[in-house]
Amino acid sequence: MKTKFALSTLLLSLSGIGFSTVAHAAEIRVMCYQDGVECDVLAEQIKRFEAANPSTKVVLDTVPYKTINEQLPVQLAAGQGPDIARVTDLGGLSKYYLDISKLVKDPKQWEANFGATQPWLRPSPTDKGIYGFMSQLTMTGPYVNKTLFDQAKVALPGPKATWDDWVAASNQVAKATQLKAGMAWDRSGHRFAGPAISYGAKILDAQGSLTLDTGYKTTINKFVAWHKDGSMLKDVWGGSGGSTYADSVGEFVNGRVAMVLSGSWQINRLQKDVGTKFDWVAVPNPCGPAACSGIPGGAAWVALKTSNSPKDVAAFMDFISADAQYAEFTAKTKNIPAHQGLAKKGVAYPDAAPAQRAALGVFSAGVANLATEAFIFQGYKFNRALMLPTVTRVTQAIVGEMSVDEAINKINADMTDAVKQATK
């Protein structure tokens, strides 16, 4: 009897373990950063997904952008990391992406809605996999403190105004309102690329390799000169070392400059942080001899090879990429949609303030003026090989550690070495 009881107990125990294993939810982790409320909106969608898919638990890790930019690549290189992440280094991290094309419900629908930007996520031009989707389309571009322009009685330059026109106008405003400088750009090679392309930079040569041509060199010369003569606020680029990112919007919010070059992702932040301090507006990208271009881009939700639950990852990606969830995400985060179907229908942005709605309109209209080179640059997997040394070496020229010619030579050497290292 004792043996029979023990055996029965053991069977019940094993049975219980079995039921526990079946009931236990698969867990996927999502690493998210937010410019505004992106992760907050996703958190609400996760609740609905879990309610409809009780066998899957989604853990949301909201982190600073610096973590995405600096720590995530290190984790992935070590074979660690989340199941899904919101990233901006689209091509640079592509070797870590998980192809979910055979796991999503309708690959053709993915292609219909996100086909234009899918190449940005693919490891090679011939690849046809599905690795994720753009959570929104962004575009680099300027913001202006209209209140300061009005106080200085300086008219805003028109839609075809050049960078030289805007520098002159913002300098007038700075002088009349006693600002430290008229303008600032984000400390970012990505932001620098838009004006460079407008000044004729091709980014890639005929062989498809990164190049520092006359247009790029012209922009470096102008940018350093603007810092030297006080047109640019030196604190943003000169305030950090290496290739560390620094945005200019904080200086703008605090009323220290009349104009900044940042991007559409800052719209919500400006609405929140400026409040009633002053009237701000987005303006079209200033022109150079070749174009009036910003850089398209945005963040993407990508599936990662570090996942142990690829089917659950694909199910969650299907859910958040579906029309209803994507439309909700776009409207609540007040972004430009990368979803082609939604872009055709248009987004109402019912909760947007007038300044937000106007800015979204300016950026949306500006997509049509983006240069071909801007799309090429954004999709090029080694674009950081140019962006990062640009920040480092141009800063050294700004603060007087080297000449502009020396900075250009250093950028070229750093860029060449970075591509070699990346292609080993």
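The values are calculated or read from the model by the stated rules, or taken from the named source; none is laboratory data. Please read these numbers as outputs of a predicted model, since none were measured by experiment. Neighbour counts run over all protein chains shown; Cβ positions are idealised from the backbone, glycine included.
Return a yes/no flag: does the stretch 22-41 have any residue that is part of a helix (DSSP H, G or I), surrounded by fewer than 10 Cβ atoms within 10 Å (Cβ to Cβ) and at pLDDT below 95.
yes
Any idea which of ASP213, ASP164 is out of contact with any Pro (no Cβ under 9 Å at 6 or more places or on another chain), of a type in the set (D, E, K, R) and either at pLDDT 95 or above or surrounded by 23 or more Cβ atoms within 10 Å (Cβ to Cβ) (or both)?
Result: ASP213 is the single residue among ASP213, ASP164 that is out of contact with any Pro (no Cβ under 9 Å at 6 or more places or on another chain), of a type in the set (D, E, K, R) and either at pLDDT 95 or above or surrounded by 23 or more Cβ atoms within 10 Å (Cβ to Cβ) (or both).
Does the stretch 126-134 contain any residue that is in the same structural domain as THR333 (by TED's automatic domain parsing) and without any contact (Cβ under 8 Å) to a residue 24 or more places away in the chain?
So far as the stretch 126-134 goes, yes, one or more of its residues are in the same structural domain as THR333 (by TED's automatic domain parsing) and without any contact (Cβ under 8 Å) to a residue 24 or more places away in the chain.
Assuming ASP417 fulfils every condition listed in (1) assigned by TED's automatic domain parsing to the domain that holds LEU121; (2) modelled with pLDDT of 95 or more apart from one, which condition is it?
Tallying (1) assigned by TED's automatic domain parsing to the domain that holds LEU121; (2) modelled with pLDDT of 95 or more, ASP417 fails exactly one: (1).
Considering only residues of the stretch 204-238 that are touching a strand residue (DSSP E or B) at 6+ places or on another chain (Cβ under 7 Å) and in contact (Cβ under 8 Å) with a residue 40 or more places away in the chain, which is nearest to ASP417 (Cα to Cα)?
LEU210
Answer yes or no: is there a residue in the stretch 328-342 that is surrounded by fewer than 23 Cβ atoms within 10 Å (Cβ to Cβ), in contact with a Leu (Cβ under 6 Å, 6 or more places away or on another chain) and within 30 Å of ALA25 (Cα to Cα).
Among the residues of the stretch 328-342, not one is surrounded by fewer than 23 Cβ atoms within 10 Å (Cβ to Cβ), in contact with a Leu (Cβ under 6 Å, 6 or more places away or on another chain) and within 30 Å of ALA25 (Cα to Cα), which makes the answer no.
Select from the stretch 369-406 the residues that are farther than 27 Å from GLY297 by Cα and either touching a residue at least 60 places away in the same chain (Cβ under 8 Å) or assigned to a helix (DSSP H, G or I) (or both) and list them in ascending order.
Residues satisfying the conditions are GLN396, ALA397, ILE398, VAL399, VAL404, ASP405, GLU406.
Quick check on ALA315: is it in contact (Cβ under 8 Å) with a residue 40 or more places away in the chain and more than 19 Å from THR390 (Cα to Cα)?
Against the criterion (in contact (Cβ under 8 Å) with a residue 40 or more places away in the chain and more than 19 Å from THR390 (Cα to Cα)), ALA315 qualifies.
Scanning the stretch 294-314 for residues that are crowded, with 22+ Cβ neighbours inside 10 Å and over 17 Å from MET31 (Cβ atoms), which turns out nearest to the chain's Cα centre (by Cα)?
Among residues in the stretch 294-314 that are crowded, with 22+ Cβ neighbours inside 10 Å and over 17 Å from MET31 (Cβ atoms), the one nearest to the chain's Cα centre (by Cα) is GLY297.
Only residues that are surrounded by 18 or more Cβ atoms within 10 Å (Cβ to Cβ) and assigned to a loop (DSSP other than H, G, I, E, B): list them for the stretch 105-128, please.
THR117, ARG122
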